[in-house]
Structures are given as C-alpha cells and as structure tokens.
Amino acid sequence: PIRRTTAPQITRRKGGDPIVSLTSYHAHTAAIVDQYADFILVGDSLGMVMHGMESTVGVSLELMIMHGKAVVRGTKKALVVVDMPFGTYEESPSEAFRNAARVMKETQCGAVKLEGGVRMAETVHFLTERGIPVMAHTGLTPQSVNVMGGFRTQGRDEDTWAMHEADARAVSDAGAFGIVLEGMVEPLAARITSQIPIPTIGIGASPQCDGQILVLEDMLGLNPTPPKFVKVYGNLGGQIEAAVKAYAEEVKARSFPGEDQVYR
Ligand code: KIV
Ligand code: NA
C-alpha cells in the first residue's frame, strides 16, 4: 500500500517544487484530487459550499468530522488536513487539544489547521508537542469575519506588514508544519515566504508562496460568483445544468428509461 504524505514531508518542500493542494469534502471528488494533490484540506468552507451557510462561523466539530471521515476513506496518498471550526480551539490550548485529538482519532486525518498567528502560537506549540501536526492560517482569516466586517485583502497598507510578518513567524516558531496565507498583496506574501522556514500555501496570495490551494468547487466552476483570486478551470455548473435539463426532458418525453436501462 502507498503510504500517505506526512506533515514533515510537506515541511521539507520549503523552497522546492510548488506544493499542490485543493479542498475536498466528499469521497468521490477527494479520490480524484488524491491523484494530484500533496495535501487535501477538508476546509470549513464546507459550511458555505456544502451547507449553504453565510460564513464559516456556524460550522460544528461534528460536521468537520463527518466530512473528514469521508475524505480520508476516499483517498490513499495525500495528507488529509482537517480545519478546526470556529469556537473549538480559541479558548485555551487544552480545549484545542481535546477537540483536535477528537478530529484526529475519529477521522484518521494526518493534521489539523487553525486560524490565527501570534494569538494562537501557544496553542500551536501545545498541540505539536503532544502529537498533533498543525497547519496555521493567517492573513485574511474568514472565521473573524464579524470582527473584520467583511472579507478584505490584507496588507494594502504597508503599516500592517510588521503585524502579518509577526503572525507568520510566531506560528512557525511554535512548530506549525506549514501556513496558509489567504487574501494578501503579493509583496507581503513574498516577504513572509522568504522570512520563515516552513512552506507558505497561498490562496489569493500570489505565486510567491511555496504552494497553492483553492476551494475545489470554485475552480471547477460550481460557484456562480467566485472571488477574483480563483481561476476557474472547469464548467461543472454548466455541465450539471445541461445534464439535469436533458434528464428532465427525457423523463417528460418517456424516453428515459430507454432500452438499455430496463430489466427484461
Ligand atoms: O476552509 C477552507 O477552504 C480554507 C482554504 C480556503 C484555505 O481554509
Ligand atoms: Na478554512
């Protein structure tokens, strides 16, 4: 059997061949992504994509575990990273450990991800020391949408760069095996990438990062209003619509089921 990619293997890719990642929430899509991605993120973006929520704030640990299990079962090679949802890790390192250990045990994933820099460094250290690889996530952090008042590209004002650099350095020093940089201007992503020894994984953070991640449904063309940083590689929305429309017409015309679909 092919052994899965590990968190330390991802860390060793710093500065080398770009790291490929996509999100997945679902066994059949994860099996396809598994052929090409170094790691697969079961992102809490599933709250919006799979469950129609307005933000990721409402996502529960149970929901993450349910989708995490599906993705682990559907894959063989890639490291599976599961997002810690809002409200399950911020209060204390021990709360974070208890919930992250549940995610690891119940899903059999290889790592967790959490949002925050300096403020989460102690927790990143606490988890890593106790056997849980942690990917950090800084820059635009969607779980803080209600404090930020919206989703805004970070680092447009150079006065904020030192803060963003300190956030990335803090989680790197604390033992994070990698860091997602979301929604930030290119020169800031370049500075952070050159300053820390762990790989940066960009989403809306320029090609200067050590790897890239996108939400699978966004790049497949299922999101009718994707953000600017998404390149849309597929037309799944259009293909699904055409298929559903053809099916509806054939049912109405009694041409489905046809000869091949009938038990004689
Ligand atoms: O939840 C998610 O999909 C993410 C990625 C966009 C990095 O956190
Ligand atoms: Na997320």
Is the shape of region 51-126 rounded, prolate or oblate, going by the alpha carbon gyration tensor and its root eigenvalues a ≥ b ≥ c, with a/c under 1.5 for rounded and a/b larger than b/c for prolate? oblate
Among M50, M104, what is the fewest-to-most ranking by other Cβ atoms within 10 Å? M50, M104
The local net charge around F39, scoring Lys/Arg +1 and Asp/Glu -1 for residues other than F39 whose Cβ lies under 11 Å from its Cβ, equals +2
How large is the dipole of region 7-233 about the Cα centre if only Lys and Arg carry +1 and Asp and Glu carry -1, each at its Cβ, rounded to the nearest 20 debye? 660 debye
Assertion target for H67, H51, ordered by fewest C-beta neighbours within 10 angstrom first, is H51, H67
Residue-averaged [θ]222 nm for the chain, counting only DSSP H segments that reach four residues, each worth -39500 (n - 2.57): -11000 deg cm²/dmol
Once you keep just the Cα pairs under 8 angstrom separated by 6 or more residues, what percentage relative contact order results for the chain? 17 percent
How charged is the neighbourhood of V145? Take every other residue with its Cβ under 13 Å from the Cβ of V145, and add Lys/Arg as +1 and Asp/Glu as -1. -3
Given R₀ = 30 Å, FRET efficiency for N235-M148 by Cβ-Cβ distance, to 0.05? 0.40
Most exposed first, judged by fewest Cβ atoms within 10 angstrom, H125, H28 run H28, H125
If you filter region 16-125 for GluC sites (Glu not before Pro), then keep DSSP loop positions with at most 11 other Cβ within 10 Å, what is left? E54, E91
Could you tell me whether region 138-264 comes out rounded, prolate or oblate from its Cα gyration tensor? Rule is a ≥ b ≥ c as square roots of the eigenvalues, rounded for a/c under 1.5, then prolate if a/b exceeds b/c, otherwise oblate. prolate
Can you compute the radius of gyration and Dmax for the chain, using only the Cα atoms, both in Å? 19.8, 74
Check the straight Cα-Cα distances from K228 and name the lysines below 29 Å, setting aside those fewer than 8 residues away within the same chain. K14, K113
5 angstrom amide H check on M53, placed H, neighbours 5+ away: M48
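Where a number appears in this text, it was derived from the coordinates with a stated rule and is not lab data. Note that the structure is predicted; figures quoted are calculated from it, not measured. For neighbour counting, all protein chains shown are included, and Cβ atoms are generated from backbone atoms with ideal geometry for every residue, glycine included.
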